Every structure is written in structure tokens, then in C-alpha cells.
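A.B. asks: Got a structure for you, written out below as C-alpha cells; questions coming shortly.
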């Protein structure tokens, strides 16, 4: 029997999925900002993160890794849509930082552990 | 190899020049590779300001204006020379966008790999190469293909250069923050 080590899901090329479709113990969501861009609704993502958090705690050895681009440090955009995307992304990252056991800030491949 | 990055007007050129001078010996020639193309008055003023700052210094600088094909210069450097490359951002943009092809990610990847190979060669033929680049990843991910590929390739190059570099520094408000390797005397 082959066991998949992890599932990698990129927001730039794929759609996000729920724990019911998890096929491995480690799930990686990359480009979190891209998932949010398509649906910039805070409440939706809050419950999405919550559902994964519960899945992770549901069994030993489960891990969810969230990878996002920090898009929150530029000039405030003129367009309402862009502002909305940025705001929701900022809130989402706060929630993820709160619920995750480990938080790293990556610069040029160097990780700085923040939590 | 030393990597220096920073935002606009962060003082990174000043920090890079300081480091170059501290590495250079009395036998070194300091080479300045400028990759920016002067396309408007604002850019011209910026170039002149940087040139004047260098002219005030005791060591001699040799300036090469090379927006693309930096590898053509490799024969011009000696083992005791120090090279300041300013900057990676412009160089990549010039290589990617001077002709069609940037719509294709593998074309962009090839260009970036060629740049990385050139940077590594520069560090082999000289005493040290100091590479200046820009922090431009925090303003959001832009959706047009050109900018997206440009940012993706620049991010990849930054990672590779930092991996190969003995020191990596981010400059913020004129203050150098050492991310990797030893600090320099400021």
C-alpha cells in the first residue's frame, strides 16, 4: 500500500478543499492570499481555517501548513476591491498565527521563527 | 558574495558602497556595474546623485553601464578586484522584457538561471561581489503575467543568491540589518 506523504495545494493553480477530501496526514496550502483573492470574505475563511484546525486536532500526526505572501505592507490601494483583499488577508493571517503552533517569517529562504 | 536588499530610498546603495570599500585592498580596483537604463529625467538625477557621492571617495571606481549581458564583462576583472552590482532588479527586468517571451514561465526561468550563473562567475573571478536588489514583495501579488513572472523570478533569484552569499543584509531607513553571516563595521 502506498502512502502519500503530503498534499500540496497552491492557490495560484488550484482550488482550496475541505478536510473530507484530505488524502494525507500533512496538507499544505500555499498562496493563501490567492485563495482569499477569489473570495475575499472574512467569515468564510475563518470557518474554513477552523474546520482544518479541528481536523488537525482530530488525530495524532496530522499537520496543516499554511504558506502566504505578506501583501499587507505596501501602499493602501486606491481600488476598493484591492483594499478588501488586503484587509481580509491581514485578518486571515492574524487568525492563522493565533491558531498555529508555529509561525515563521521567510525572507529569501531564511526562516525567522516568530512563534 | 554579499547580498544587500532594501526598499526604495532605504539607503542600500550607500551601505553597499561602504561594504565594498571595507573589502577592497589597496591593490583592488572597484568596479561598479550599473544595470539601470536611464529613460527619464528623474532617473538621470538619481544616477548623477549616486555618481557624485562616489566621486567624493578616495578610491577609484570603474563604472560599467551594462543593462543586459553582464557576463560579457567577466574578462575585465582581476582576482583582487571588488565588484558592486547595482542592481539585480533592473538587470532581471531588462533581460526579461527586452524581447517577447516573458509570457512563458520557462523562458523567464532560463533568463533567471543565466543571471544566477553569471553572478556566481563574478564571485569566482573577483575578490568579492556585492549584489544590490530591491524588497518589492510586500505590496501584493500583481496579476498581470509580466509582473507575476518578474516577481516570481526575482524571488527565486534572491533565495539562490542568499544561499550562495556569505552575508545577506536588508537595509531599512539607512540601517543595515544582518540576516545572514557576519556584520560589517558601520
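The values are calculated or read from the model by the stated rules, or taken from the named source; none is laboratory data. Since the structure is predicted, the reported quantities are computational estimates derived from the model, not experimental observations. Cβ atoms come from the backbone with ideal geometry, glycine included; neighbour counts cover every protein chain shown.
A.B. asks: Select from the stretch B:89-104 the residues that are touching a helix residue (DSSP H, G or I) at 6+ places or on another chain (Cβ under 6 Å) and in a helix (DSSP H, G or I) and list them in ascending order. Quick ask: steps written out before the conclusion?
C.D. replies: Of all residues in the stretch B:89-104, those touching a helix residue (DSSP H, G or I) at 6+ places or on another chain (Cβ under 6 Å) come to B:92, B:95-96, B:101-103.
Of everything in the stretch B:89-104, those that are touching a helix residue (DSSP H, G or I) at 6+ places or on another chain (Cβ under 6 Å) and in a helix (DSSP H, G or I) turn out to be B:92, B:95, B:96.
A.B. asks: Return the total of residues in the stretch A:62-80 being more than 7 Å from chain B (Cβ to nearest Cβ) and under 20 Å from the mean Cα position of the chain (by Cα). Lay out the reasoning, then the answer.
C.D. replies: Initially, the stretch A:62-80 is screened for residues more than 7 Å from chain B (Cβ to nearest Cβ), giving A:62-68, A:72, A:76-80.
Checking the rest, the ones that are also under 20 Å from the mean Cα position of the chain (by Cα) come to A:62-68, A:72.
So the answer is 8.
A.B. asks: Right, something else. Which condition number in (1) within 11 Å of chain A (Cβ to nearest Cβ); (2) outside any helix (DSSP H, G or I); (3) closer than 19 Å to residue B:10 by Cα is the one that residue B:154 fails?
C.D. replies: (2)
A.B. asks: So in the stretch B:136-150, with the set limited to residues that are buried (at least 17 other Cβ atoms within 10 Å of the Cβ) and modelled with pLDDT of 90 or more, which one is farthest from residue B:71 (Cα to Cα)?
C.D. replies: Taking the candidates together, the pick is B:149.
A.B. asks: Do we find a residue being closer than 28 Å to residue B:179 by Cα, in a helix (DSSP H, G or I) and touching a helix residue (DSSP H, G or I) at 6+ places or on another chain (Cβ under 6 Å) anywhere in the stretch A:99-108?
C.D. replies: So the first thing to find is which residues in the stretch A:99-108 are closer than 28 Å to residue B:179 by Cα, and the list is A:99-108.
Applying the additional criterion that residues be in a helix (DSSP H, G or I) yields A:99.
Filter again for touching a helix residue (DSSP H, G or I) at 6+ places or on another chain (Cβ under 6 Å), leaving A:99.
Yes, the stretch A:99-108 contains a residue that is closer than 28 Å to residue B:179 by Cα, in a helix (DSSP H, G or I) and touching a helix residue (DSSP H, G or I) at 6+ places or on another chain (Cβ under 6 Å).
A.B. asks: A follow-up question, please. So which residues in the stretch B:1-37 are buried (at least 20 other Cβ atoms within 10 Å of the Cβ) and assigned to a loop (DSSP other than H, G, I, E, B), if there are any at all?
C.D. replies: To start, the set of residues in the stretch B:1-37 that are buried (at least 20 other Cβ atoms within 10 Å of the Cβ) comprises B:1-6, B:10, B:12-13, B:15-17, B:19-20, B:28, B:30-35.
Listed by number, the residues that qualify are B:1, B:10, B:28, B:35.
A.B. asks: Among residues belonging to the stretch B:157-176 that are in a loop (DSSP other than H, G, I, E, B) and touching a helix residue (DSSP H, G or I) at 6+ places or on another chain (Cβ under 9 Å), point out the one that is surrounded by the fewest Cβ atoms within 10 Å (Cβ to Cβ). Explain how you work it out, then say what you get.
C.D. replies: Going through the stretch B:157-176, the residues in a loop (DSSP other than H, G, I, E, B) turn out to be B:165-166, B:173-174.
Checking the rest, the ones that are also touching a helix residue (DSSP H, G or I) at 6+ places or on another chain (Cβ under 9 Å) come to B:165, B:174.
Values: B:165: 22, B:174: 12.
The selected residue is B:174.
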